[in-house]
1. Taking a probe of 1.4 angstrom, what is the accessible area of Glu146 in Å², to the nearest 10?
2. Using a Förster distance of 41 Å, how high is the FRET efficiency between Lys213 and Lys306, based on the Cβ-Cβ distance and rounded to 0.05?
3. Leaving ligands, DNA and RNA out of it, work out the accessible area of Asp66 with a 1.4 Å probe and give it in Å² to the nearest 10.
4. Please give, to one decimal in nm, the separation of the simple spin-label points placed at Gln96 and Lys172, each 7 Å out from Cα toward the Cβ.
5. Probe 1.4 Å, all protein chains in place: accessible area of Met155 in Å², nearest 10?
6. Pulled fully out, how much extra length does the chain show between Thr55 and Met155, if you take 0.36 nm times their separation in residues and subtract their Cα-Cα distance?
Amino acid sequence: CDKLNEIDIEDQTVYEEENSNLTVGIRVRPLNAKELNDSKITSVIQVNGQNIIVTCESVQHTFTYDHCFMSQVDTSESGYIDQEIVFKNMVSPLVQNAFEGYNVCLFAYGQTGSGKSYSMMGQESAQVNIISIDEAVGIIPRFCQEIFTRISTNMNTKTTVEISYFEIYNEKIHDLLTNVTNGVKRAPLKVREHPVFGPYIVDLSQHCVQNYKDLQTWLKVGNSQRATAATGMNEKSSRSHSIFSIILTQTQINNQLNSESMDASRRSKINLVDLAGSERLSQTCASGDRLKEGVSINKSLLTLGKVIASLAENTSNRKRGFVPYRESVLTWLLKESLGGNSRTAMLGTVSPANIHVEETLATLRYACQARAIVNRVRINED
Ligand code: ADP
Ligand code: MG
């Protein structure tokens, strides 16, 4: 199987079976207070193990995934406990993968209001004031917390953690961790491609973080920049993709000589992505700027689907076919996470309400398609 492990120097794509190892999970948010008080709104979703069953016009649609999470309506004092469950089951293995030297990528995909940001970052109040991990905290802070816990227990390795946080809006990149001086926003940043390390953003700020407290400070800066931009610009956050990146560099410390051996350095890149709302262009009153926004979002999400499909196709055929990474900024930037030495997971988020059933089915189908690709590859390999 030498061929399978062949590395293509030009596009840095590693062709091996694990290349298509895309894990797919679905998370169903609870009905909110307004929905619960409206007699016309009912829940149309049930979860049964790895299956999600949606009832639409008396027809039951069943979908199967690697993980299914359903938040129950909360009646207890302690609140929901599902942030931790989602993290333990679906995300914690990715932290392990990152320490093993893999690039890691996790996407939250779903319509606006279905729980992408809640899943990735957590409840808004939890983002700002938490002292320790509380239930409302989402994947990004938990991911970092687990990294720091692991670092503190491994004395033989020196590990550095660098973070960056940016958003893509209308195919343009904005750094969320640089200050806006005198209200003047910086020009959008550009993407370049390094022959060995792949695509990168020119002048994107990177920040070394030593502990969870440092991280919180930066998250506060990034989330408030995102929020400020959103209120001024037509709910922009639902139309932009936000990407939180971590670069983990592990260097073995040679105890005997008490010096660092630079040869034993391992670098993994982690991308945690809160995608723009997946609602279809036809449902937004698309005209002018709005149309442009809609088209860009569509393009990025569409390209993401195409890239995943092409990679799986290449793996199953053991050949190098064209992968349209460069068709959108999002996929170009995630090239090394998606195609290379990587572990990728998609968390589809859906609403249980009958009024959202069309969008819910669209998300479930998109997620199923990604998973079907993986299954087909595995069957062929057997
Ligand atoms: P999106 O980012 O997909 O637009 P949000 O994450 O902002 O959606 O979620 C919309 C609302 O629903 C928020 O008020 C959020 O707190 C709530 N919510 C989403 N998912 C859950 C969940 N699993 N449990 C409890 N509340 C949730
Ligand atoms: Mg959001």
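1. Counting only protein heavy atoms, the figure is 40 Å².
2. 0.50
3. My reading of the accessible area for Asp66 is about 50 Å².
4. Roughly 4.4 nm, to one decimal.
5. Rounded to the nearest 10, that gives 150 Å².
6. 30.7 nm
The values are calculated or read from the model by the stated rules, or taken from the named source; none is laboratory data. Because the structure is predicted, anything quoted here is derived from the model rather than measured. No Cβ is skipped: glycine too gets one built from the backbone with ideal geometry, and neighbour counts run over all protein chains shown. What goes into the accessible areas is simple: the full protein's heavy atoms, side chains included, and nothing from ligands, DNA or RNA. Shrake-Rupley method; radii C 1.70, N 1.55, O 1.52, S 1.80 Å.
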